[in-house]
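The values are calculated or read from the model by the stated rules, or taken from the named source; none is laboratory data. Not measured: the values here are computed from a predicted model. Glycine gets a Cβ as well: all are built from the backbone with ideal geometry, and neighbour counts include every protein chain shown. Calculation scope for accessible area: heavy atoms of the full protein, side chains included, ligands and nucleic acids excluded. Shrake-Rupley method; radii C 1.70, N 1.55, O 1.52, S 1.80 Å.
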Amino acid sequence: MQIASLSANNGMASSDSLPDVLAGPILRRTEPGRLVFWLAASRPLSLCLALYPEGEPVRHLALDEHRDCLPLGTHAYIHLIDVRLEAPLPTDVLIGYDLFIGDLQAGQAGIANWAAHVLYEDETHPSFVIKSRIDSVLHGSCRKPHHASRDGLARADAWLDERRTQAVTRPALLLMTGDQIYADDVAGPMLTAIHALIRRLGLVGEHLEGAVVEDSEALYVAEATYYRREQLLPAFESNEALRERFFGGVEKPIFTSANAANHLITFAEVAAMYLLVWSPLPWRLIDGDAPPLDAACSARFAAEHAILEDFIAELPAAARLMAQVPTLMIFDDHDVTDDWNLTAAWEETAYGHPFSRRIIGNALLAYLLFQGWGNDPDTLASPLARLHGLLDQAAAGYLPATHQDKLISELLRFEGWGYVLPTSPRLIVLDTRTRRWRSERNRHRPSGLMDWEALSELQQDLLDERAVIIVSPAPMFGVKLIEGIQRLFSWAGKPLLVDAENWMAHRGAASVMLNIFRHTRTPQHYVILSGDVHYSFVYDVRIRHRERGPKIWQITSSGIKNEFPDTLLDWFDRLNRWLYAPWSPLNWFTKRRRMLVQPRVPDHAKAGERLWNGAGIGLVTFDKAGRPLDIQQLDAEGETIGFQPDPTQHPATRLSKRTSAESDTPRG
């Protein structure tokens, strides 16, 4: 079977025609005295950086001593560039930059020659701004390539294009708050592209324990490798839970259905997917032939193929955005696997089998290299060095299995995935996946999203700050009705059916988190940025009967390229308004009964609608005190949706729309 090619170039390219750069540059952490970039190339590159600060002379730096080069295979190398500057860069001005391959004095090619797609019209090189304070951010989660919507990153790119020439109008950060890839939900055409890219670049192989195939090469050519990967687990009754959890396409009738039959398994598969979702260039190196499939899978393959063609067409815009705005990230479950660490029982099952442990570990290894390092290079320097050592030991193209499993065990115990930026206001990005508060009553009950020790560290990061921005992949204050349904299923011992992951699902974690908000030395202004849920909403939150308590804004933007089933969300939205109205006695049965939670109304909403369902990306503008002045959702179809205070609320309890006029009086 053959279908139209997904690539921009039919047929396989020869080795001589590989481009120097495969993906990037991605602009990661930026500070006046430090710049961090990520780049994928087909060979080790000697690089020079040119900086063009507005109003200052050009600066040139050779990068050989400022970059780490990790081999992923014969023709794939990740360049991690970390530049410490002797003289700090200015803030709040445009800073152009270029990366030259080879000796700058010899006139080697810059970005315009090897990644022209990351330049706006009339640009000769990209640019960025280092903000003296966080005055605005773009934020969003959940970017699934084969979801039938446009890409929210492309929408953000179009928005930036209209404002890029003025430093003051550019956002301080692009925050990607979870599910940057879907390792557990992969389209058939994407998986064939992944395998084609693995072959094209000669990415590292690995030996597999506990599967019915011996190694990665056997996996890629196995009859069941497309749409039937559940068959690759050993056929033992004891593995029934593993089959269901990782590959079974378990029905989730309350919300949606998961399909994990193309779950990524090897490190090379996850690495190839990152390259394919971040750059248009790898698509030009591979063909789009479909594997032999039955009639049902062939029809599905063709439908997914059409959607992926549209995704690929928007990749240049997504790559341009990440090259021009400092980009920070944090994982959620789909970056690894659905419902990752949901319950203690889940962990026992998943980590108790060598094959599923390897699947999880490979995704975490790739996260370290493709996402995690750029957030906090210092904290992640040690695990990165061990990953570098593992890749250097690949003999005959295969990773050493013993060392691979040892490093995976170390990463599963690692506690440095979350990070803090000393910005104004302070930015705290939470790891809500790997430091969980396991239920002591029932190992099948949902774990708390952070354990007591992690929450204590969060409180220390908050002490004596006036304002803070917290990135919590799952909303701290979610839709009460949906959380109630999740709680019922958890009581019934079926949390996996409804993704019962919310802050209120675990009594201890919820209690500590709410007590942090009531602490007198923690901030007066909290902005919580979240994703995960596949719809967008804004809540204004206050402590009841406390005039000088903290002001909290729960701002949720999801998904970048994903949506909730529309009719179902309409019903949830409507029922939530009826059952949990301000006067409803049901509010007193929730853990957050001491908090007054008031939803904002999205522009163009239907009568009473509080939840916005549509792919896109969030935009928040802050005043000098760290309070949100304007909260918008940039819809992928081109609309701009604002969220306004509900005009139907009683004036005595309604939260003021004019946040900039609120008192700055500190709490006692």
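The label-point distance for GLU65 and GLU217, in a model that sets each label 7 Å from Cα toward Cβ, rounds to 4.3 nm.
Using θ = phi - 60° in the Karplus curve 6.51 cos²θ - 1.76 cosθ + 1.60, the 3J(HN,Hα) couplings for segment 202-211 round to x, 5, 4, x, 7, 8, 10, 10, x, 10 Hz; x is entered for Gly and Pro.
The share of C-alpha pairs in segment 58-110 whose separation exceeds 19 Å stands at 43 percent.
For segment 82-157, the residue among SER136, GLN108, LEU119 whose Cα projects farthest onto the positive side of the dipole built from Cβ charges is SER136.
Net charge near LEU390, counting Lys/Arg +1 and Asp/Glu -1 over other residues with Cβ under 11 Å of its Cβ?
-2
Computed over neighbours whose Cβ is under 12 Å from that of ASP135, the net charge equals +2, Lys and Arg +1, Asp and Glu -1.
With both labels modelled 7 Å from their Cα along Cα-to-Cβ, the GLU639 to ARG443 distance reads 4.8 nm. The packing ranking of peptides 27-35, 397-405, 274-282, highest mean first, is 274-282, 27-35, 397-405, where packing means the average number of other beta carbon atoms within 10 angstrom of each residue. Compared with the alpha-carbon gap, the fully stretched path from ASN113 to ALA148 is longer by 9.3 nm at 0.36 nm per residue. One chain, two ends: ASP378 and ASP161. Fully extended at 0.36 nm per residue, the span grows by 74.9 nm beyond their Cα-Cα distance.
Between amide H atoms placed 1.01 Å from N, distances below 5 Å from LEU94 occur with GLU54, ALA167, all of them 5 or more places distant or on a separate chain. With the charge dipole of segment 191-237 set up from +1 on Lys and Arg Cβ and -1 on Asp and Glu Cβ about the Cα centre, the Cα lying farthest toward the positive end among the listed residues LEU208, GLN231, HIS195 is that of HIS195. As a rough guide to protection, the peptides 197-207, 321-331, 165-175 ranked by mean Cβ packing within 10 Å, highest first, stand as 321-331, 197-207, 165-175.
Report the extension gain between SER511 and GLN459 in nm, rounded to one decimal, defined as 0.36 nm multiplied by the number of residues separating them, less their alpha carbon distance. Mind showing how you got there, number by number?
On the way: separation 52, 0.36 × 52 = 18.72 nm, distance 1.32 nm.
Gain in length upon complete extension: 17.4 nm.
Considering Cα pairs under 8 angstrom that are at least six residues apart, work out the relative contact order of segment 346-421 and quote it in whole percent. List each step's numbers first, then the result.
Values: 39 pairs, mean separation 26.4, N = 76.
Relative contact order of segment 346-421: 35 percent.
A 1.4 Å probe over all protein chains sorts TRP114, TRP417 by accessible area into TRP114, TRP417, starting with the largest. Each of LEU85 and SER46 was given a label point 7 Å from its Cα along the Cα-to-Cβ line. The distance between the two points is 2.6 nm.
Report the charge-dipole magnitude of segment 431-482 in Debye, nearest 20, computed about the Cα centre from +1 at each Lys and Arg Cβ and -1 at each Asp and Glu Cβ.
Charge dipole, segment 431-482, about its Cα centre: 500 debye, nearest 20.
Listed by chain and number, the aspartates and glutamates whose alpha-carbon sits under 12 Å from that of LYS624, ignoring those within fewer than 8 places in the same chain, are ASP135, ASP664.
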